[in-house]
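Q: This is the structure I want to talk about, given as C-alpha cells.
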Amino acid sequence: MKRAYRNKSLTEHDKCFNRLHSGVRCTVERVFGVLKLQYCMAKARYLGLSRNLTRFEIMCVAHNIKRGLSIEQASCA
C-alpha cells in the first residue's frame, strides 16, 4: 500500500494501485489473523525452521478444510 507524504496527497496512479491491492491484502491478512488466533500461530513453538514450516503447512491445510466445509454447507442450504 502506498501512503501519502506529509502535506501531499496520493496521485491517481497510487490510488488505483491501493484499490487493486486492498482486496488481496484483506484476504491474506484475514487468513493470517485466523491462523494466529484460532491455531496459536503467533509464536514459533519449535526450534528449527523445518518443524515450524511443517506445523504452519498443517495449520494451513486444516484451515482450508474447515473453510471448504463451511462453504459447502452454505451452498447446500
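Quick note: the coordinates plus some simple rules give every number you see, no bench work behind them. Keep in mind that this is a model prediction, so the values were computed, not measured. Neighbour counts run over all protein chains shown; Cβ positions are idealised from the backbone, glycine included.
Q: What 222 nm value per residue comes from the helices of the chain, counting each DSSP H run with n ≥ 4 as -39,500 (n - 2.57) and dividing by all residues, nearest 500 deg cm²/dmol?
A: Details: 2 runs with 55 residues, N = 77.
Taking each H run of at least 4 residues, the total per residue is -25500 deg cm²/dmol.
Q: Sequence neighbours fewer than 8 away in the same chain don't count; with that in mind, list the aspartates and glutamates whose C-alpha is under 16 Å from Lys43.
A: Glu57
Q: Counting other Cβ atoms within 10 Å, which chymotrypsin sites (Phe, Trp or Tyr not before Pro) in the chain have at most 16 and lie in a DSSP loop? Can you show the working numbers first?
A: Values: sites: Tyr5, Phe17, Phe32, Tyr39, Tyr46, Phe56; in loops: Tyr5, Tyr39, Tyr46.
For chymotrypsin sites (Phe, Trp or Tyr not before Pro) across the chain that sit outside H, G, I, E and B with at most 16 neighbouring Cβ atoms in 10 Å, the list reads Tyr5, Tyr39, Tyr46.
Q: Using a ≥ b ≥ c from the Cα gyration tensor of the chain (square roots of the eigenvalues), is it rounded, prolate or oblate, where a/c under 1.5 gives rounded and otherwise the larger of a/b and b/c decides, a/b for prolate? Write down the numbers at each step before the final one.
A: Details: a/c = 3.61, a/b = 1.52, b/c = 2.37.
Here the chain falls in the oblate category.
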